[in-house]
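Accompanying notes for the structure given below.
The values are calculated or read from the model by the stated rules, or taken from the named source; none is laboratory data. Keep in mind it's a predicted model, so treat the numbers as computed, not measured. As a convention, Cβ positions derive from the backbone with ideal geometry for all residues, glycine included, and neighbour counts pool all protein chains shown.
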Ligand SMILES: [Zn+2]
């Protein structure tokens, strides 16, 4: 039995650091930072720059209407 151990280390497309877990940003809206892998922090930062209508297409995103601090 052959066991393959792969090092799942990838670089964030924004901060270029190594991360074990990256998030793929794909909004289908041809934004310049679209279709890349990002770490959690960069993903959140870029996500905030998306237009509200694009954000709403993401699964799990909930519009913040009342809690706009
Ligand atoms: Zn990053």
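If you go through region 26-44 and pick out every residue that is at positive phi and either near the ligand (Cβ under 10 Å from one of its atoms) or touching a strand residue (DSSP E or B) at 6+ places or on another chain (Cβ under 8 Å) (or both), you end up with 1. Annotation note: Cβ proximity below 7 Å between a residue of region 13-26 that is in contact (Cβ under 8 Å) with a residue 24 or more places away in the chain and a residue that is near the ligand (Cβ under 8 Å from one of its atoms) (sequence gap 6+ or interchain) occurs for 13/38; 14/38; 14/42; 15/39; 15/42.
Out of all the residues in region 45-59, which are more than 10 Å from the ligand (Cβ to nearest atom) and surrounded by fewer than 16 Cβ atoms within 10 Å (Cβ to Cβ)?
Scanning region 45-59 gives 48, 49, 51, 52, 53, 56, 57, 58, 59.
Within region 32-69, if we keep just the residues that are in a loop (DSSP other than H, G, I, E, B) and touching a helix residue (DSSP H, G or I) at 6+ places or on another chain (Cβ under 8 Å), the residue that is modelled with the highest pLDDT turns out to be 33.
In this structure, is residue 27 modelled with pLDDT under 90 and surrounded by 13 or more Cβ atoms within 10 Å (Cβ to Cβ)? So residue 27 passes the test.
Can you find a residue in region 14-25 that is touching a helix residue (DSSP H, G or I) at 6+ places or on another chain (Cβ under 6 Å), within 16 Å of the ligand (Cβ to nearest atom) and assigned to a loop (DSSP other than H, G, I, E, B)? Yes, there is a match, as at least one residue in region 14-25 is touching a helix residue (DSSP H, G or I) at 6+ places or on another chain (Cβ under 6 Å), within 16 Å of the ligand (Cβ to nearest atom) and assigned to a loop (DSSP other than H, G, I, E, B).
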